[in-house]
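Peer 1: I'd like to ask some things about the structure below.
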Amino acid sequence: MSALSVTNSSSSRFALTGFPGLEIYYLWLSVPFSIIYVTVFLGNCMVLHVIRTEPSLHQPMFYFLAMLALTDLCMGLSTIHTVLGILWGFIQDISLDACIAQSYFIHGLSFMESSVLLAMSFDRYIAICNPLRYSSILTNDKIMKIGVAILCRSSMLIPPVIIRLKFLNYCRPHFLSHSFCLHQDLIRMACGDIRFNSIYGLALVISNLLLDSVLILMSYIMILHTVLSIASQEERIKSLQTCVSHISAVLVFYIPIIGLTMVHRFGKHLSPLVHVLMGNIYILFPPLMNPIIYSIKTQQIRVRIQRLFLRGT
């Protein structure tokens, strides 16, 4: 059976899109992408190792950072086999079951990252607006409950819309828009009743990504109000500096999502290469940048990483 055949069989295969027009350069393109993936894995593993082995970092802020690093690490693992597989010439298509599984992990991890960023904004709000009760509010037990809630929210709300993909008829040409599978890509190829997927998928985006972004914005409005009420300018700057890393991580996560959404919604006339590049930025930019941001902007992490390298020399 051809990978591009029109069929509704669950054994269908879907053609992955690499970088249109750049096929002859795949071997060269594989070099920077391999470096990016290695950096993603090493960077996030280093952050996790430093937090685990340094007792002074066993604090709420760094527990949430460890959750973020673990999420980014898993995001890299969920796409490496298809992205590098295409560039190395190992694969050109993917089965429906594998596509659905990859779609589940990509969207679930995106929701998880958004939830962790929301928890981190709550941490910054308590630390700045209610510092005297910080340790009593964010106890280890509370942090564990928040972590479980994030995991349940990110993993248990998605199955209804993802499982339904298995039972749809895919009668349109089986060309995926990216080097990996997304829910909206599979829906585009389906010719049956997709109202449930469309409505439920939109509800998920609103109740997760949109709601989280609004709550993060509200937390920073309250943080800014509290900071501006501090008499000393030096104390204001010091308070805001503790939020720089988190604000950077929020921007690194949400800007690619907004960009990819705009390209999918209004960029149908654009080159397929633009869609592919935006998709890869959405997948790889946050996992790549977050360890760099926290290694540079967070003094405790930076000092421990420097010590780690000095021990090895």
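Peer 1: Enumerate the lysines that residue 238 could reach by cross-link, defined here as Cα to Cα under 25 Å, with residues fewer than 8 away along the same chain left out.
Peer 2: Here the lysines satisfying the reach criterion relative to residue 238 are 297.
Peer 1: Also, quick follow-up: Are there cysteines in the chain with no other Cys C-beta under 4.7 Å, and if so, which?
Peer 2: 45, 74, 129, 152, 243
Peer 1: How much mean residue ellipticity at 222 nm does the chain get from its helices, if each DSSP H run of length 4 or more adds -39500 (n - 2.57) and you divide by all residues, to the nearest 500 deg cm²/dmol?
Peer 2: Dividing the helical sum by the residues of the chain leaves -24000 deg cm²/dmol.
Peer 1: From Cα pairs below 8 angstrom and at least 6 apart in sequence, can you work out the relative contact order of the chain, rounded to a whole percent?
Peer 2: Rounded, it is 28 percent for the chain.
Peer 1: If you don't mind, another one. Taking only Cα atoms and a 10 Å spring cutoff, compute GNM fluctuations for the chain and point out the largest among 154, 136, 179.
Peer 2: 136
Peer 1: A follow-up question, please. On C-alpha positions alone, give me the angle between the axis of helix 195-205 and the longest principal axis of the chain, in degrees, nearest 10.
Peer 2: 20 degrees
Peer 1: Next up: To the nearest 10 square angstrom, how much accessible area does residue 199 have with a 1.4 angstrom probe?
Peer 2: Result for residue 199: roughly 120 Å² accessible.
Peer 1: Let me ask another. Using a 1.4 Å probe on the protein heavy atoms only, what accessible surface does residue 26 show? Give it in Å² to the nearest 10.
Peer 2: Spelled out: residue 26, probe radius 1.4 Å, area about 30 Å².
Peer 1: Please compute the net charge surrounding residue 290, taking Lys and Arg as +1 and Asp and Glu as -1 over other residues with Cβ under 11 Å from its Cβ.
Peer 2: -1
Peer 1: Keeping all protein chains in position, work out how much accessible area residue 232 exposes to a 1.4 Å probe, and write it in Å² to the nearest 10.
Peer 2: Solvent-accessible area, nearest 10 Å²: 50 Å².
Peer 1: Roughly to the nearest percent, how much of the accessible area of the chain is carbon and sulfur, given a 1.4 Å probe?
Peer 2: 70 percent
Peer 1: For the chain, report the accessible area per residue in Å² (1.4 Å probe, heavy atoms, rounded to an integer).
Peer 2: Here the per-residue accessible area is 51 Å².
Peer 1: Under 15 Å between alpha carbons, and skipping anything fewer than 8 positions from residue 145 in its own chain: which aspartates and glutamates qualify?
Peer 2: Qualifying aspartates and glutamates at Cα under 15 Å: 123.
Peer 1: For a test of the definition: using alpha carbon positions, the gyration tensor, and the 1.5 limit on a/c, classify segment 173-216 as rounded, prolate or oblate. List each step's numbers first, then the result.
Peer 2: Working: a/c = 5.66, a/b = 1.72, b/c = 3.30.
Because a/c hits 1.5 or more and a/b fails to exceed b/c, segment 173-216 counts as oblate.
Peer 1: Does anyone have the angle between helix 26-53 and the longest principal axis of the chain? Alpha-carbon axes, 0 to 90°, nearest 10?
Peer 2: 30 degrees
Peer 1: Separate question: Students sometimes get this wrong: rank 302, 265 by accessible area, probe 1.4 Å, all chains present, largest first.
Peer 2: Final ranking, largest accessible area leading: 265, 302.
Peer 1: What aspartates and glutamates does residue 268 reach when the alpha-carbon gap must be under 15 Å and sequence neighbours fewer than 8 apart in one chain are set aside?
Peer 2: Hits, sequence-local ones excluded: 185.
Peer 1: Ranked from the most accessible area to the least, with a 1.4 Å probe and all protein chains present, what is the order of 225, 58, 107, 246?
Peer 2: Highest to lowest solvent-accessible surface, that is 225, 58, 107, 246.
Peer 1: Please list 174, 264, 183 from largest to smallest accessible area, probe radius 1.4 Å, with all protein chains kept in place.
Peer 2: 264, 183, 174
Peer 1: Mind pulling the angle between the C-alpha long axis of helix 244-266 and the longest principal axis of the chain? Nearest 10 degrees, somewhere in 0 to 90.
Peer 2: Approximately 20 degrees, to the nearest ten.
The values are calculated or read from the model by the stated rules, or taken from the named source; none is laboratory data. What you see is a predicted model; the values in this text were computed from it and never measured. Don't worry about glycine lacking a Cβ; one is built from the backbone with ideal geometry, like all the others, and counts go over all protein chains shown. Quick note on the areas: whole protein, heavy atoms, side chains included, nothing else; ligands and nucleic acids left out. Shrake-Rupley method; radii C 1.70, N 1.55, O 1.52, S 1.80 Å.
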